Every structure is written in C-alpha cells, then in structure tokens.
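**Q** Before I ask anything, let me first share the structure, which is written out below as structure tokens.
Please treat every number below as a calculation from the coordinates, not as lab data. What you see is a predicted model, and the numbers here were worked out from it, not measured in a lab. Here the Cβ positions follow ideal geometry from the backbone for every residue, glycine too, while neighbour counts run over all protein chains shown.
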Amino acid sequence: MFPHTRDTLLFFTLISLVGISVICLLFIIFYLVSESSIILSEINLRHYFFDDSWHPSENQFLLLPMIVGSLFITIGAMFLAIPLGIFTAILCQFYVPNWLSQSLQRIVEILSGIPSVVYGFWGVVVIVPLLATIQAPGTSLLAGVIVLTFIIMPGIVLIANNAFQNVEKMHLHNAIALGLSRYSIIRHIVFPSAQRGLLSGIILQSGRAIGETLAVLMVCGNVVQFPGNIFEPIRTLTSNIALEMAYAMDLHRSALFLSGLILMLVVLTLILLAERFELSTKTT
Amino acid sequence: MILLPSNHNLADRILRFICWICGSLVLSFFAFLFFDILIQGYEKLSIAYIFSNSLNAGRAGGIAPMLVSTFLLLLLSLVIALPISIGSAIYLAEYTNEKQWFSRFIRLSLSMLASVPSIVMGMFGYAFFVIALNLGFSILSGALTLAAMILPLLIRNIEDTLRNIPDIHRLNASALGLSKFRTIFQILLPMANQGIFLALILGIGRAMAETAALLYTSGYVTRMPDTIFDSGRSLSVHIFDLSMNVPGGEQSAYGSALVLVLFLLSINILTHWIGQKIQLRSIT
C-alpha cells in the first residue's frame with residue numbers, strides 16, 4: 001500500500017486510534033440497550049405511561065411525569081433563551097461600536113465555559129429563596145427553567161453571532177447601496193440567510209438542555225408529579241437517574257437505563273436533524 | 001462586522017430598543033452572578049482554604065483533596081485522550097477528505113459522541129469501567145469516562161489545525177522524497193504544536209466543568225487520594241455535594257465555586273492569547 005513499511009504501520013495505527021471513538025459510542029449504545037432490555041422484555045410498554053406511580057420497589061414504573069418534566073423544563077428554557085440570545089447577538093453584531101461588540105463576545109465566551117454546577121449552586125442560594133418568597137417551597141419548575149436558561153443562553157448567543165457573521169458580506173453591501181434601512185436589512189437579508197445556521201445550532205443546544213442534570217436536580221425539588229403550575233416541584237429524567245442510580249437494583253436499575261436510552265435517542269435524533277440542516281445549507 | 005446605515009425609522013428604533021433591553025438583561029444577570037460569587041467566595045478564600053484538608057463534611061477546612069483529585073482526573077484523562085485524538089486527527093486530516101462515506105461516518109459518530117448527555121456517559125462509565133472492568137469508584141474510572149467525553153472536542157480542534165497547514169509544505173516534503181511518516185512527525189506535527197496545545201487547554205476547560213459523569217465513576221470521598229485507584233471528589237462534585245447534601249455548607253461552596261470560576265477564567269484568557277498568536281502566524 002505504501003512504499004515504506006513504517007508508513008503502512010502508521011496507517012494501521014491511526015485507523016485503530018480512530019476506531020476507539022467509534023467503539024466508545026457503540027459501547028455506550030450497547031450498554032444502554034442491553035441493560036434496558038431486561039425491563040423491556042418483562043414489562044409492557046404501556047406501564048411506563050399508565051401505571052399509578054413511580055415506585056420501582058413495588059413494580060410501578062410510571063416514567064411519564066419525568067418525561068413531561070424534562071420536556072417542560074427544556075421547552076421553557078428554550079422559550080426564554082432563544083429570544084434573549086438572538087436579540088443580544090443582533091445588538092452585538094449591528095447596534096454597538098466594534099470595541100463593545102468584541103468585549104461582549106468575550107464575556108459571552110467566558111460565560112459559556114462556566115460549569116453548570118456553578119449556575120445550579122447559584123440557583124440554590126439566590127433564585128430558590130427568591131421564588132420561595134412568592135410561593136413556597138421555591139424549588140420548582142420555574143427555578144429549573146431560570147437556571148437552565150442561564151446555562152444555555154451563552155451558547156445561543158455564540159451560535160447566533162456565528163450565523164450572523166457567516167452572512168454573505170456582498171449581500172449586505174448591496175443592501176446598503178440600495179438604501180435599505182437597518183431594520184429592513186436585518187429583517188429581510190440577515191435573518192433569512194442566517195436562518196438555517198441558527199436553527200441547526202439551536203437544535204444542538206436543545207439537546208444539551210435536555211441532557212443537563214445536576215443543575216436542574218439542585219433547583220427543581222425532584223418530586224415525581226405532573227406540575228399543576230410553574231411553582232410546583234418536578235423531577236426530570238436526568239435527575240431521576242442521578243438520584244436513584246446509587247441504590248437501584250434489578251428492574252429498577254434497568255428502568256434507569258431505559259430512561260438513559262430514551263434521552264440518548266432524543267439527543268441522537270436532534271443531532272441527525274441538525275446535520276440535515278447543515279448539509280442542505282452546504283448544497284445551496 | 002459591517003456597520004449598517006443608522007437611519008432612524010420607527011421599526012429600527014423598536015428593534016434597537018428590544019436588543020438593548022435583552023443585551024442589558026443578559027449582562028446584568030451575569031454580572032450579578034459573577035460579583036455574588038466573587039464577593040461571597042472571597043471571604044472564604046485563603047491560603048489555608050486551598051492547602052488544608054476538609055473537615056466536617058466540607059463545612060470547615062479546605063479543598064486540598066479536591067484540588068489534588070481534580071488535577072489527577074485532568075492529567076490522567078488528557079494522557080489517555082491526547083494520543084488517541086492526535087492519531088485520529090492525523091488520520092482524518094491527512095488520509096481522508098470530507099466527501100468520503102467513511103470519513104463522514106466517523107465525523108457523525110464523533111458529533112454523536114460529543115453530545116451524549118453527561119449523566120448517560122456517567123451511567124456508561126459506571127456500568128463499564130466501575131463494574132464490568134472492576135475498577136471500582138476510582139480516579140481512573142472517572143478519568144476514562146472524561147477522556148471519552150473530551151475526545152471529540154480534541155479531535156475536531158487538532159484536525160482543524162492540521163487542515164490549516166498550507167499544502168505547500170506537504171508538496172515540498174513529497175518533492176524531497178520524504179516518507180509520509182517523516183512528513184507527519186517532522187513537519188506537520190511540529191507546525192501544529194500550538195494548535196494541539198490550544199485543543200489541550202479547551203479539553204481541560206471542558207473536563208473541569210464536568211460533574212454528572214463523575215458522580216458515579218470517581219465517587220465523592222473527601223479523603224486525599226493516595227493512588228489513582230482511590231476514589232476522589234472533583235471540585236465540581238464538591239460544589240454539588242456542599243450545596244445539596246450538607247446543610248450549612250454554602251459558604252464553603254462559594255469558596256470552591258470561586259476557585260473553579262477563576263481557573264476557567266484563566267483558561268479562557270490563555271486560549272484567547274494562544275488563538276491570537278496562531279492567527280497572527282497564519283497571516284504573516
């Protein structure tokens with residue numbers, strides 16, 4: 001294949017190194033599937049949706065409240081973080097002088113590197129007591145949404161900034177030459193051409209939001225229930241795993257792996273979706 | 001950034017108003033968070049806090065064992081991940097192009113691996129490294145799990161660096177009759193060393209911020225670890241444990257949060273500095 005044996009050797013070493021990542025991924029999926037197959041083979045799918053409660057020791061496996069909790073908290077946080085993030089990015093790109101734009105971007109970059117556990121801790125000591133003055137106990141769906149918003153917002157600003165920067169400069173020059181107003185340029189030129197980049201970035205970010213564990217666990221109260229209003233505590237799929245993994249046995253343990261598998265499937269679907277969007281941008 | 005014309009029609013004013021509101025909201029929230037941690041954490045921070053053992057479940061005493069565990073976790077995970085990622089990056093950059101199905105498959109696997117929720121990664125680490133490989137709750141298990149998490153980030157960054165080396169160097173090398181082996185190890189890798197260093201630092205930042213994956217792999221013993229087969233609590237897990245399971249541990253958690261944030265801040269400054277150096281070199 002190669003004239004030098006050393007090169008052939010190198011090639012095969014490199015290939016096997018690449019293989020490690022792929023094997024890692026396959027192993028993760030394999031473990032999730034094999035561990036959760038124990039419960040899937042014994043307990044019918046409808047039990048996860050129609051059982052009376054989540055009491056694994058009494059063979060009650062109602063996963064639905066946790067799924068709903070995860071969905072609510074993710075959707076809530078995206079609902080707050082997307083407009084805040086996008087408007088901040090527009091401000092950063094089009095409405096402030098260059099030096100301010102640069103420093104804003106630096107600040108957002110730093111924020112995106114702050115560990116989520118720090119945001120969670122801050123939620124515990126500041127946001128939860130604040131909400132408790134409105135309605136006890138403070139640990140609630142709303143607290144989770146607020147903390148999660150903090151965690152994903154820097155990422156959304158970075159994505160939006162990136163998408164706006166990738167807009168063809170020629171289009172902007174043309175629009176300026178045509179005498180369009182700043183609002184029309186942003187609304188009718190920048191936005192449509194940044195749309196796909198924005199969308200694929202936001203989809204990826206929502207995958208991160210749904211997988212967020214400890215920060216959410218710290219502020220949500222972790223009661224397994226369907227929340228009646230936003231001040232009631234909830235438990236998400238991720239925090240359920242983190243809370244019960246330590247002592248779970250047999251079917252219970254398998255049920256936790258099943259919730260891991262559900263999370264993984266959601267995230268993989270989001271990835272494939274985002275990939276689709278990016279591919280279709282490249283071809284156009 | 002292109003400066004758009006600033007004609008003040010109504011729509012433009014409204015958009016500018018909304019952007020400023022969102023931008024200042026974002027900034028003031030984060031300023032609040034940062035100064036809160038800075039002021040509250042500063043009271044706790046001292047030489048003794050950093051260099052002494054923790055007492056009374058972390059309420060009193062210092063964080064020396066957590067710093068040592070964190071350091072060992074980082075060191076070990078990078079020692080494991082770096083050779084694998086350099087090899088994979090060389091393969092992807094030098095032996096494939098982006099259109100081949102095999103390289104697309106690997107890239108897709110990498111982006112999937114990158115977005116595995118950290119608690120799912122933790123479950124996998126628990127089932128595979130802790131139980132199946134019988135490593136127990138140990139720094140080694142934690143480091144292996146972390147290594148799997150940071151692999152995609154490292155590979156992506158190192159690959160980008162290699163691709164940014166102009167082809168003229170490869171052509172020169174082959175015109176001189178150098179083997180692929182020599183071209184890679186004596187020309188391309190030395191040229192990429194700053195980029196590899198940058199990737200390394202990004203990996204450190206990511207690994208330091210990780211909590212959920214470590215909970216069930218490296219454990220949360222507050223003792224000073226003797227070997228890598230001992231359980232050890234990382235700084236981020238310490239913050240989590242203090243604010244969730246230790247009543248009255250808040251002040252100490254503020255101190256640890258400040259230490260963690262300062263670390264990540266310096267990492268950000270370092271990456272920025274290196275990034276600028278690399279950019280400057282590629283221009284000249």
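**Q** Grab the other residues whose beta carbon is less than 15 angstrom from that of A:D7, score K and R as +1, D and E as -1, and report the net.
**A** Summing Lys/Arg as +1 and Asp/Glu as -1 gives +3.
**Q** Okay, moving on. Determine the relative contact order of segment B:50-283: mean sequence separation of Cα pairs under 8 Å and six or more apart, normalised by residue count, in whole percent.
**A** 30 percent
**Q** In whole Å, what is the distance between the alpha-carbon centres of segment A:218-284 and segment A:130-161?
**A** After rounding, the separation between the Cα centres reads 17 Å.
**Q** Bins of 5 Å, beginning at zero and ending with the bin holding the largest distance: percent of Cα pairs per bin for segment B:50-283, please.
**A** Calculated P(r), rounded to whole percents: 1, 7, 13, 15, 16, 14, 11, 9, 6, 4, 2, 1, 0, 0.
**Q** Show which aspartates and glutamates lie in cross-link reach of B:K180 when reach means a straight Cα distance below 16 angstrom and same-chain residues fewer than eight apart are skipped.
**A** Cα-Cα hits under 16 Å: A:D7, B:E94, B:D167.
**Q** Give the residue from B:S111, B:V246, B:V68 lying farthest towards the positive end of the charge dipole for the protein assembly as shown; charges sit on Cβ (+1 for Lys and Arg, -1 for Asp and Glu) and the dipole is referred to the Cα centre.
**A** B:S111
**Q** Chain B: longest stretch without exposed trypsin sites (Lys or Arg not before Pro) (DSSP loop, at most 15 other Cβ within 10 Å), sites themselves excluded?
**A** With a cap of 15 other Cβ atoms within 10 Å, the longest stretch comes to B:100-222.
**Q** Hey, another quick one. How crowded by other chains is A:78-88, given as the mean number of beta carbons from other chains within 10 Å of each beta carbon?
**A** That works out to 3 on average.
**Q** Now for a separate question. Can you give the Rg and Dmax of segment A:35-79 based on its C-alpha atoms, in angstrom?
**A** Rg, Dmax (Cα atoms, Å): 12.8, 38.
**Q** Can you give the log10 of the normalised intensity I(q)/I(0) at q = 0.08, 0.09 Å⁻¹, computed with Debye over equal Cα scatterers of the protein assembly as shown?
**A** Rounded to two decimals, the profile gives -0.58, -0.74.
**Q** Name the residue from A:S259, A:I23, B:S174 whose Cα lies farthest towards the positive end of the charge dipole of the protein assembly as shown, charges +1 on Cβ of Lys and Arg and -1 on Cβ of Asp and Glu.
**A** B:S174
**Q** Kindly put A:V157, A:V147, A:V96 in sequence by how many other C-beta atoms sit within 10 Å of each C-beta, fewest to most.
**A** A:V96, A:V147, A:V157
**Q** Connecting C-alpha atoms closer than 10 Å in a GNM of chain B, tell me which of B:A207, B:A148, B:A132 has the biggest fluctuation.
**A** Its mean-square fluctuation being the largest, the pick is B:A132.
**Q** From Cα pairs below 8 angstrom and at least 6 apart in sequence, can you work out the relative contact order of segment A:126-191, rounded to a whole percent?
**A** 20 percent
**Q** Would you mind pulling out the separation of the Cα centroids of segment B:229-284 and segment A:9-50, in Å?
**A** 31 Å
**Q** Further question on the same structure: Nearest 500 deg cm²/dmol is fine: what mean residue ellipticity at 222 nm does chain B get from its DSSP H runs of n ≥ 4 alone, each adding -39,500 (n - 2.57), divided by its residue count?
**A** Taking each H run of at least 4 residues, the total per residue is -22500 deg cm²/dmol.
**Q** Another one. With n ≥ 4 as the cut-off for DSSP H runs, can you work out [θ] at 222 nm for chain A, using -39500 (n - 2.57) per run divided by the number of residues, rounded to the nearest 500?
**A** -24000 deg cm²/dmol
**Q** Can I ask one more? If you rank A:D52, A:D250, A:D7 by fewest surrounding Cβ atoms within 10 Å, what's the result?
**A** In increasing order of surrounding Cβ atoms, one gets A:D52, A:D250, A:D7.
**Q** Considering all alpha-carbon pairs of segment B:60-162, what whole percent are spaced by more than 21 angstrom?
**A** Taking all Cα-Cα pairs of segment B:60-162, the fraction more than 21 Å apart is 44 percent.
**Q** If you count, for every residue in A:264-275, the Cβ atoms of partner chains within 10 Å of its Cβ, what is the mean?
**A** Averaged over the peptide's residues, the number is 3.
**Q** Once you average over the residues of A:168-180, how many Cβ atoms of partner chains fall within 10 Å of each Cβ?
**A** Per-residue shielding by partner chains comes out at 1.
**Q** Still on this structure: Rank by packing, highest mean first: peptides B:108-116, A:215-223, with packing defined as the count of other Cβ atoms within 10 Å averaged across residues.
**A** Those peptides, ordered most packed to least, come out A:215-223, B:108-116.
**Q** Which values, in whole Å and largest first, are the semi-axes of the equivalent ellipsoid of chain A obtained as the square root of 5 times each eigenvalue of the Cα gyration tensor?
**A** Over the Cα atoms of chain A, the semi-axes work out to 38, 31, 17 Å.
**Q** Can you give the relative contact order of chain A as a percent, counting alpha carbon pairs under 8 Å and 6+ residues apart?
**A** With pairs under 8 Å counted, the relative contact order is 26 percent.
**Q** Additional query: Kirkwood hydrodynamic radius of segment A:102-224 from all distinct Cα pairs, in Å?
**A** Taking the inverse mean of 1/r over all distinct Cα pairs, segment A:102-224 comes out at 16.6 Å.
**Q** Nearest 20 debye, what's the magnitude of the dipole of the protein assembly as shown about its Cα centre given +1 on Lys and Arg Cβ and -1 on Asp and Glu Cβ?
**A** 1640 debye
**Q** Note down the net charge around A:R235, summing +1 for each Lys or Arg and -1 for each Asp or Glu among other residues with Cβ under 15 Å from its Cβ.
**A** It works out to a net charge of -3.
**Q** Which residue, chosen from B:L10, B:I80, B:L235, occupies the Cα position most advanced towards the positive end of the dipole of chain B, where the dipole is computed from +1 (Lys, Arg) and -1 (Asp, Glu) charges on Cβ about the Cα centre?
**A** After comparing all options, I get B:L10.
**Q** Sort B:D160, B:D241 by Cβ crowding within 10 Å, fewest neighbours at the top.
**A** B:D160, B:D241
**Q** List, largest first, the extents of the alpha carbons of segment B:156-284 along their principal axes, each in whole Å.
**A** Taking the Cα atoms of segment B:156-284, the three principal extents are 69, 32, 21 Å.
**Q** Run down the aspartates and glutamates and flag those whose C-alpha is under 15 Å from the C-alpha of B:K44, throwing out any fewer than 8 positions away in its chain.
**A** B:D36, B:E250
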